[in-house]
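> The structure under discussion is supplied below as structure tokens; questions concerning it will follow.
The values are calculated or read from the model by the stated rules, or taken from the named source; none is laboratory data. Computed from a prediction, not measured in an experiment: that's the story for all the values here. Counting neighbours? That spans all protein chains shown, and the Cβs are built from the backbone with ideal geometry, glycine included.
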Amino acid sequence: MTVLDVLQSTTAYFKKRKIDNPRLNAEHLLAHVLGRKRIELYLEFERELSESELAPLRELVRRRGEGEPLQHLLGTVEFCGHTFLCDKRAMVPRPETEQLVEVLIADCGLRIADWKILDVGTGSGVIALTLAKEFPEAKISGTDISEDALALARENAARLGLSDRVRFFKSNLLENVDGIFDLIVANLPYIAAQDRHSLSREVLRDPEVALFAGAHGDELVRALIEQAPARLRPGGMLALEIGLGQSEALLSILAEKNYRDICSKNDYSGRARFLFARYG
């Protein structure tokens, strides 16, 4: 079979298995097996593939067809222009979280340079490490309740040459956090337990601790809003990614807790996804 034959047959198989973006998935997996960039496949459509190349591809295609996330199969994910290790120890970073980081860089970039920043619920470390790359003078820490996620975050820090600059440690929200920060940013679990049925096969492969947050979904975000003032400098910022339909109630809570300069921003699909507020 040629490269083109394999891409066409794999795409057809993924369509039957209801995989989103079937052709793109096929290209990523074949490029991964061949050690090529995806775009390079277009120069090799007529190339015949050997059995030693097809065998590992078949296994990856089978696993993808069963709903295993593409990023887990590739072992990496692109986030804000950097490549991070990605596996079942932490949630696969979402495009919305990239947008949160982009907003922080665009809106706070001139002031953020030497800030102290805390990333709560860091997962694989993508927020903390991206900000560390962007702002070499910033002092950045990341916390998570999961030891597995923290191990992955530290591996990503080493991969990016940031082990000496970004500190990762275990904490349930701000329980084990000392010091005062200019920015606390968090993409916490925000899915209600009762909404499990609405999630895709791929999302359900993420760790449950990274997805679900009680009966309503916003319990952890509410708790962080409550705890953050004790760890924010006067005028410090809290930046949150939240779930759909949660913004109105959380905006009210921020106001009740005497935050100021409170605002929400929409994600690329036009849904209220991010909250920003200052304290003191």
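> Can you spot a residue in segment 201-212 that is within 16 Å of Gln246 (Cβ to Cβ), crowded, with 17+ Cβ neighbours inside 10 Å, assigned by TED's automatic domain parsing to the domain that holds Thr122 and touching a Gly at 6+ places or on another chain (Cβ under 9 Å)?
no
> Can you name the strands (runs of 3 or more DSSP E) wholly within segment 161-280 that have at least 3 residues being within 17 Å of Ile127 (Cβ to Cβ)?
Those strands (runs of 3 or more DSSP E) span 166-170, 181-186, 232-241, 272-279.
> If Ala132 passes every condition in (1) surrounded by 24 or more Cβ atoms within 10 Å (Cβ to Cβ); (2) closer than 17 Å to Ile184 by Cα; (3) within 16 Å of the chain's Cα centre (by Cα) but one, which one does it miss?
(1) is the only condition that Ala132 fails.
> Among the residues of segment 240-265, what is the count of those that are out of contact with any strand residue (DSSP E or B) (no Cβ under 7 Å at 6 or more places or on another chain) and of a type in the set (Ser, Thr, Tyr)?
1
> Which members of segment 97-129 meet the condition of being surrounded by 19 or more Cβ atoms within 10 Å (Cβ to Cβ) and of a type in the set (S, T, N, Q)?
Thr97, Thr122, Ser124
> Taking only segment 184-204 into account, find how many residues are in contact with a helix residue (DSSP H, G or I) (Cβ under 7 Å, 6 or more places away or on another chain) and touching a residue at least 60 places away in the same chain (Cβ under 8 Å).
Residues meeting the conditions: 6.
> State all residues of segment 116-137 that are out of contact with any Gly (no Cβ under 9 Å at 6 or more places or on another chain) and at pLDDT below 95; if no residue qualifies, say none.
Pro136, Glu137
> For Arg94, are the conditions met, namely being surrounded by fewer than 19 Cβ atoms within 10 Å (Cβ to Cβ), among the charged types (D, E, K, R), at pLDDT below 95 and under 22 Å from Leu232 (Cβ atoms)? Give the steps one after another, and end with the answer.
Details: surrounded by fewer than 19 Cβ atoms within 10 Å (Cβ to Cβ): yes; among the charged types (D, E, K, R): yes; at pLDDT below 95: yes; under 22 Å from Leu232 (Cβ atoms): no.
No, not satisfied.
> Next question, about the same structure. Based on this model, can you work out whether Ser163 counts as out of contact with any Leu (no Cβ under 8 Å at 6 or more places or on another chain) and either small (Gly, Ala, Ser) or under 23 Å from Pro207 (Cβ atoms) (or both)?
yes
Yes or no, residue by residue, for (1) within 22 Å of the chain's Cα centre (by Cα); (2) modelled with pLDDT of 95 or more; (3) buried (at least 16 other Cβ atoms within 10 Å of the Cβ):
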residue	(1), (2), (3)
Ala228	yes, yes, yes
Pro234	no, yes, no
Ile242	yes, yes, yes
Ala249	no, yes, no
Leu254	no, yes, yes
Asp261	no, yes, no
Ser269	yes, no, no
Arg273	yes, yes, yes
Ala277	yes, yes, yes
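> Are there helices (runs of 4 or more DSSP H) fully within segment 35-124 with at least 2 residues that are without any contact (Cβ under 8 Å) to a residue 12 or more places away in the chain and more than 21 Å from Asn25 (Cα to Cα)? List them.
The qualifying helices (runs of 4 or more DSSP H) are 95-112.
> When you go through (1) modelled with pLDDT of 95 or more; (2) within 17 Å of the chain's Cα centre (by Cα) one by one for Ile105, which number turns out not to apply?
Result: Ile105 passes all but (1).
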